[in-house]
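The structure under discussion appears below in the form of C-alpha cells.
The values are calculated or read from the model by the stated rules, or taken from the named source; none is laboratory data. Only a predicted model underlies this, so the values are computations on that prediction, with no experimental measurement involved. Because the Cβ atoms are built from the backbone with ideal geometry, glycine has one as well, and the counts that use them run over all protein chains shown.
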Amino acid sequence: MENVDEIKKYKFLLSFHDGHQLLFETNTDIRTAEREYINGGMFVVTDNQYTINLNQVARIQVKKQR
C-alpha cells in the first residue's frame, strides 16, 4: 500500500476555463504523461487516481518538489 505521507514529486495548480482551480501533488508529470482520448476529451490519469480532462484546462503551473 502507498504511504500517504510520502512527499510527491510535483505540485500542480490547474486553472480551468470555467474559473475553477485545482491544487494537488502527484508523482505524475501531467505535461508529458500518456494521454487517453475518449469521446473528444483528452485525459490524463495520475498515480493518485486523479483523472483530468486537459481540454478543460486553461493554465498549468507546476513546482518540482524534489
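Quick check on my filter: what residues within segment 22-41 are more than 15 Å from residue 54 (Cβ to Cβ) and either surrounded by 10 or more Cβ atoms within 10 Å (Cβ to Cβ) or at pLDDT below 95 (or both)? Can you show your working first?
Of the residues in segment 22-41, the ones more than 15 Å from residue 54 (Cβ to Cβ) are 23, 25, 27.
Of everything in segment 22-41, those that are more than 15 Å from residue 54 (Cβ to Cβ) and either surrounded by 10 or more Cβ atoms within 10 Å (Cβ to Cβ) or at pLDDT below 95 (or both) turn out to be 25, 27.
Residues that are without any contact (Cβ under 8 Å) to a residue 40 or more places away in the chain and either surrounded by 15 or more Cβ atoms within 10 Å (Cβ to Cβ) or in contact with a helix residue (DSSP H, G or I) (Cβ under 9 Å, 6 or more places away or on another chain) (or both) within segment 1-19 comprise just one, 18. Among the residues of segment 44-59, those identified as closer than 18 Å to residue 10 by Cβ and loosely packed, with under 15 Cβ neighbours inside 10 Å are 47, 48, 49, 51, 59.
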